[in-house]
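A short reminder: the numbers here are calculations on the coordinates, not readings from a lab. Everything numeric here is computed off the predicted structure, so don't read it as measured data. Counting neighbours? That spans all protein chains shown, and the Cβs are built from the backbone with ideal geometry, glycine included.
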Number of protein chains: 2
Amino acid sequence: MKALLLVAHGSRRKQSNDEVVLLAEKLKSQCSQQYNIVNAAFLELAEVLIPDGIKQCVTDGATSIVVLPYFLNSGRHVVEDVPNIINDCIGQYPDIEISLAPHLGASDLMMDLILSSAKSAKAV
Amino acid sequence: MKALLLVAHGSRRKQSNDEVVLLAEKLKSQCSQQYNIVNAAFLELAEVLIPDGIKQCVTDGATSIVVLPYFLNSGRHVVEDVPNIINDCIGQYPDIEISLAPHLGASDLMMDLILSSAKSAKAV
């Protein structure tokens with residue numbers, strides 16, 4: 001059972017967090033061939049936090065978990081905080097293969113996405 | 001002359017801002033068919049700010065400018081701050097067509113980008 005755990009920063013604004021949860025649900029429904037389980041978790045300011053997100057994936061039956069940082073820039077959160085939290089967790093799950101994906105901003109597809117969004121621009 | 005202005009939040013961490021500027025330069029070199037000019041600007045915490053970013057596009061010769069919010073969530077910055085700043089600017093440029101693109105997180109391509117990044121995951 002493969003799981004994808006989308007990890008966002010977390011916001012004091014509930015709507016922002018809900019968007020991430022909604023995106024995870026959308027991924028779950030449309031990408032079930034690649035991932036049996038898709039959950040969202042947050043670095044801070046919102047529930048569930050990353051350790052609970054990993055736990056949820058395991059409870060859901062995951063044997064492998066890809067953690068994907070939903071961040072645009074390679075700041076301290078991406079370079080240190082998220083990997084450190086994952087490292088602190090893996091000891092609890094010796095039978096689960098946990099891997100970490102590059103943050104979103106590192107993707108070669110980012111330019112395509114920008115150009116595609118730019119095409120939808122509307123007059124101010 | 002078409003310009004694309006990438007607008008990020010801005011960070012106290014110089015490296016994060018440099019990443020956005022670098023991305024604008026990469027877009028400029030690889031997407032010159034769509035946009036003659038590509039610049040980066042920031043909502044706060046970094047130079048150049050949005051009004052100066054628009055001014056720079058005009059100085060560079062732009063007759064139309066697409067402003068693209070380089071944000072993942074539709075928070076206050078995307079919904080209010082960026083549009084308000086643009087609205088405050090447009091009066092100065094009556095001959096320039098200024099339009100606003102949806103923020104990155106709204107793109108239909110986001111799921112493809114996530115799945116592509118997830119494929120590059122490495123063991124922690």
For chain B, set up a GNM with springs between Cα atoms under 10 Å and report which of B:ILE96, B:ILE65, B:ILE114 has the largest fluctuation. B:ILE114
May I ask for the angle, rounded to the nearest 10°, between helix B:50-59 and the longest principal axis of chain B, with both axes built from Cα atoms and the value confined to 0 to 90°? 60 degrees
Positive end of the dipole of the protein assembly as shown, charges at C-beta (+1 Lys, Arg; -1 Asp, Glu), about the Cα centre: which of A:PRO102, A:ALA24, B:SER29 has its Cα farthest in that direction? B:SER29
Given +1 on the Cβ of Lys and Arg, -1 on the Cβ of Asp and Glu, and no further charges, what dipole in debye does segment A:48-95 carry about its Cα centre, rounded to the nearest 20? 100 debye
Once the label point is placed 7 Å from Cα along Cβ, list for B:THR63 the distances to the corresponding points in the other copies, in nm, shortest first. 6.2
Net dipole in debye of the protein assembly as shown [+1 Lys, Arg Cβ; -1 Asp, Glu Cβ; about Cα centre; nearest 20]: 180 debye
If labels are modelled 7 Å from Cα along the Cβ direction, A:LYS122 lies from its partners in the other copies at nm distances, smallest first, of 4.3
If the reach is capped at under 23 angstrom between alpha carbons, list the lysines near A:LYS26, excluding any in the same chain fewer than eight residues apart. A:LYS2, A:LYS14, A:LYS55, B:LYS119
Using a label point 7 angstrom from Cα along Cα-to-C-beta, what distances in nm, from shortest up, separate A:SER32 from the other copies? 4.8
Can you give the angle from 0 to 90° between the axis of helix B:110-119 and the longest principal axis of chain B, with both taken from C-alpha atoms, to the nearest 10? 40 degrees
Taking alpha-carbon centroids only, segment B:1-66 lies from segment A:10-60 a number of Å equal to 32 Å
Degrees, to the nearest 10: B:14-30 long Cα axis against longest axis of chain B: 80 degrees
Farthest toward positive dipole pole in the protein assembly as shown [+1 Lys/Arg, -1 Asp/Glu at C-beta], among A:SER117, B:LEU68, A:ASN87: A:SER117
Report, in debye and to the nearest 20, how large the dipole of segment B:1-111 comes out about its Cα centre when Lys and Arg carry +1 and Asp and Glu carry -1 on their Cβ. 260 debye
Expected integer from the mean partner chain Cβ neighbour count at 10 Å over A:72-85 is 3
